[in-house]
Amino acid sequence: MQIAEACVRANRPLESVALMAVSKVHPVEALLEAYAAGQRLFGENRVQEWQQKQPATAASADLEMHLIGPLQSNKTAPAAKLFSAVDTVDSLRIAERLNDAARVLRKRLPILIEVKLSPEESKHGLAPGDLPSLLRAVAPLESILPSGLMTVPPWPADLSRAGEEARPYFRELRRLRDENLARCPTLTGLSMGMSNDFAAAIEEGSTCVRIGTAIFGKRAAARLSLQCPHETLPEP
């Protein structure tokens, strides 16, 4: 089990790392198969896609679905209603709108703040230097709970070295988390690591790895390989 092996190397208990199965672009049947195998934590990229899948999962009361794709301000109300958490907050405007929507729903919505550490234009997130001011601004918002940070490192030049190439970005996210914990004590989570680099992410302190391809297969041939939440993950 690669997750367990990474935890051993990092001298961390297995339960300190959550496995998120990223079901975006895969049929709801694959998600339900993973659920039947014991998986409970999932991630989707788009509000509309989960809106279409969610009715088929109505009987799965303990399924936890996080939004892990960029969120437009006009989708904050349905996002607050449909998702267990939003992991890609990158502005005060989005935070305020989620707070307003969660207040109407009488819930406290966990959020992660996405930090852009990659130079790639396609990546989303808050500039690292803006994190302290955002944390100060969201502190009075009582219907959201900042529970950690999230990042997506650059796509590796060499897939065989994906973990080592991503490691500096994982270390930087952990440093930012640690630097801001006194300012926001609930900011304990680190969502970092995907199919190509999750072992390095765990070694650098990730509390949640987001695995899609290694569980469900590639989009064109989405076959479920998950047998249990911490089963060995095949190479992408």
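The table that follows gives values for the structure above.
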read-out: Estimated FRET transfer efficiency when R0 is 45 angstrom, pair residue 160-residue 103 (beta carbons, to 0.05); value: 0.40
read-out: Spin-label model distance (nm) - residue 178 vs residue 49, 7 Å beyond Cα toward Cβ; value: 3.4
read-out: Given charges at beta-carbon only (K, R positive; D, E negative), |dipole| of region 11-115 in Debye; value: 380
read-out: Backbone N within region 1-25 under 19 Å of label point (7 Å from residue 40 Cα along the Cβ vector); value: 4, 13-23
read-out: Charged-residue dipole, Cβ positions (Lys, Arg, Asp, Glu), the chain about Cα centre, Debye nearest 20; value: 620
read-out: Positive-end residue, the chain charge dipole about Cα centroid, Cβ charges, pick of 119, 61, 17; value: 61
read-out: Over 20 Å (Cα to Cα) - which of 53/107; 24/75; 24/81; 81/123; 75/218 fall in this group; value: 53/107; 81/123; 75/218
read-out: Prolate/oblate/rounded label for the chain (Cα gyration tensor, a/c 1.5); value: oblate
read-out: Label-to-label distance, nm, for residues given as residue 218 and residue 61 (7 Å Cα→Cβ offset); value: 4.1
read-out: Sparse-neighbour loop sites [GluC sites (Glu not before Pro); region 113-194; at most 13 other C-beta within 10 Å; DSSP]; value: 120, 121, 142
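Every number here is computed from the coordinates shown, using simple stated rules; none is lab data. If you're wondering where the values come from, they're calculated on a predicted model, not measured in any experiment. Neighbour counts are summed over all protein chains in view; Cβ atoms, including those assigned to glycine, are modelled from backbone coordinates with ideal geometry.
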